[in-house]
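Encoded as structure tokens, the structure appears first; notes follow it.
The values are calculated or read from the model by the stated rules, or taken from the named source; none is laboratory data. Note that the structure is predicted; figures quoted are calculated from it, not measured. Here the Cβ is made from the backbone with ideal geometry for all residues, glycine too, and neighbour counts use every protein chain on show. The area values use the complete protein model at the heavy-atom level, side chains included, leaving out ligands, DNA and RNA. Shrake-Rupley method; radii C 1.70, N 1.55, O 1.52, S 1.80 Å.
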Amino acid sequence: MSWQAYVDTNLVGSGKISKALILGQKGGVWAATSGFKLSPEEEKAILTAHSKPDVVQTSGLKLAGQKYFTLQAGDRSIYLKKQADGALIVKTKQAILVAQYTAPLQAPEATPIVEGLADYLISAGY
């Protein structure tokens, strides 16, 4: 399966994720929802976020120009919120999944989709 198919089918195709992208841990976008773009600064912040969860917890992150505050940050998963919408950033062995969901959907609906794909990619060596 192509990386774009993971975004289109597994994430956005679930109906629980509105926009998503997959970053390589060494940089570069592997696949993305059309029109969902991160600035170079946002990409860099995401690539280092899991190694500095305390900083992310304090300052939040920007995704596609939108500021999110951090609900939870760890070495694998970061959960973000912006008003009624939210985002998840989940690290695998070689990639980082970035997924946004919009109200009325909530984190308990979106989280299993993204975490499940991350578990699958990790089991496949990615």
Practice problem: Within segment 1-45, count every residue that is assigned to a loop (DSSP other than H, G, I, E, B), touching a Leu at 6+ places or on another chain (Cβ under 7 Å) and open to solvent by less than 40 Å² (accessible area, probe 1.4 Å). | Solution: 5
Quiz item: Which of the following residues is within 15 Å of the chain's Cα centre (by Cα) and open to solvent by less than 10 Å² (accessible area, probe 1.4 Å): Ala49, Ala73, Ala64?
Solution: Ala49
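Condition check: touching a strand residue (DSSP E or B) at 6+ places or on another chain (Cβ under 8 Å), over 19 Å from Tyr6 (Cβ atoms) and surrounded by 13 or more Cβ atoms within 10 Å (Cβ to Cβ). Does Ala110 satisfy that? Reasoning before the result, please.
Details: touching a strand residue (DSSP E or B) at 6+ places or on another chain (Cβ under 8 Å): yes; over 19 Å from Tyr6 (Cβ atoms): no; surrounded by 13 or more Cβ atoms within 10 Å (Cβ to Cβ): yes.
It is false that Ala110 is touching a strand residue (DSSP E or B) at 6+ places or on another chain (Cβ under 8 Å), over 19 Å from Tyr6 (Cβ atoms) and surrounded by 13 or more Cβ atoms within 10 Å (Cβ to Cβ).
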Self-check item: Cβ-Cβ under 6 Å pairs, at least 6 apart or on other chains, segment 87-105 side over 21 Å from Tyr126 (Cα atoms), far side loosely packed, with under 15 Cβ neighbours inside 10 Å
Solution: Ala103/Ala84
Practice problem: Please determine, by comparing only the residues of segment 113-126 that are in contact (Cβ under 8 Å) with a residue 12 or more places away in the chain and not in a helix (DSSP H, G or I), which one is surrounded by the most Cβ atoms within 10 Å (Cβ to Cβ). | Solution: Tyr126
Quiz item: What number of residues within segment 85-104 satisfy the criterion of being more than 17 Å from Ala31 (Cα to Cα), open to solvent by less than 50 Å² (accessible area, probe 1.4 Å) and in contact with a Ser or Thr (Cβ under 8 Å, 6 or more places away or on another chain)?
Solution: 2
Quiz prompt | Only listed residue being in contact with a strand residue (DSSP E or B) (Cβ under 7 Å, 6 or more places away or on another chain), hydrophobic (A, V, I, L, M, F, W, C) and free of Cβ contacts under 8 Å to residues at least 60 places away in the same chain, chosen from Leu63, Leu38 | solution = Leu63
